[in-house]
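Everything below concerns the one structure shown next.
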Amino acid sequence: MTEIKTQNVSDAESVKKLNRKYIDLKSEISKVIVGQQDIIEQIIISVLSKGHCLLIGVPGLAKTLLVKTLSEALDLKFNRVQFTPDLMPSDITGTEILEDDADGRKRFKFIRGPVFANIILADEINRTPPKTQSALLEAMQEHRVTAAGNTYTLEEPFFVLATQNPIEQEGTYPLPEAQLDRFMFNLWLDYTSFEDELEIVRRTTSMYSPKVGIIFSKEDIIEFQDLVRKVPVAEEVIKYAVNLVAKTRPVNPESPKIVKDYISWGAGPRASQYLILGAKTNCILNGRYSPDIEDVKKVTLPVLRHRLITNFNAEADGLSIIKIVEELVK
């Protein structure tokens, strides 16, 4: 797409700087992670869009390693929370303890929990009850934590990546729709190719021990997050995104037959917002200054996958969300 004539020179330089760092970032991550280029790209898009990701994949596909490697290359504080049925909300947000002050008097002191970091890996988030799952809601939406009547602001940038195991569903607690909607992307991690698996085995069964270099500072990330918000978007691109989301709702008279037949609930306005933010980020990562409809299409599946609720007919006919989204994009 032609560069926007009104584009600020400093912003144009920031786009070029981002392109260089993006290439270097992928190079550093590839020292540790083999393949999964699409997943890596979508996670980076989510970070720069100030979004969160829900990552679904079977065990052993390096979900934790990917997030840890990313946090090292981004120079961010990383905390991992292993969700279990006995995990309490205070185990995530923090708790108060009673201690003696300098004068020997008793007072309460707040001990910050693992949520006070830049990147949070919520491992197997569906293994803990809703009460504990909801401890992340305020942090994800408001970037702050309220405990014992006090509000604590989280350090920016702040990003939550939650994982789910799609195989074992016994003893799990599916995330409520309100919390699912807080995630910008729902990413499915597939098995690696044969060639990639060969390389994984070679690396992990040898003395290979790569060191990941720092590519983005905290200041860089905040600068580029602000840059995304400055990207101009043509009115027809916004209308396309909003119209696409509106057509996921069965109550919409203009919704296609596949939606009316197989969808119980469609996506809300947050989906439209994330489509545009994702399109903006994708375009500047590729050195362009304004997104087009193809940029919106690229992020449509991860944005809509967890926001569409299918009915019994879809299950009976074996129709997946992916197929419905593909029909909508057509």
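Before moving on, here are some points about what is shown:
- For segment 232-330, averaging the sequence separation of C-alpha pairs within contact (under 8 Å, six or more residues apart) and dividing by the residue count gives a relative contact order of 32 percent.
- Share, in percent, of DSSP beta bridges within the chain that are antiparallel, nearest 5: 45 percent
- Listed by chain and number, the aspartates and glutamates whose alpha-carbon sits under 17 Å from that of residue 211, ignoring those within fewer than 8 places in the same chain, are 24, 28, 72, 75.
- Of the labelled figures (1) 181; (2) 128; (3) 170, only one reflects volume of the Cα convex hull per residue in Å³ as derived from the coordinates, namely (1).
- Positive-end extreme of charge dipole, segment 231-293 - chosen from 252, 279, 264 (charges on Cβ): 264
- Around the amide H of residue 152, modelled in the peptide plane, lie the amide H atoms of 145, 146, 147, all under 5 Å away and 5 or more residues distant in sequence or on another chain.
- Cα-based Lys pair tally, segment 225-330, threshold under 19 Å, eight or more apart or on separate chains: 23
- Helical mean residue ellipticity (222 nm; -39500 (n - 2.57) per DSSP H run of 4+; nearest 500) of the chain: -13000 deg cm²/dmol
- Under 30 Å from the Cα of residue 131 - lysines, other chains or at least 8 residues apart: 50, 63, 68, 77, 109
Any read-out appearing in this document is the output of simple, stated calculations on the displayed coordinates, not a laboratory observation. Note that the structure is a prediction, hence the values are computed from the model and not measured. All Cβ positions, glycine included, derive from the backbone under ideal geometry; neighbour counts span all protein chains shown.
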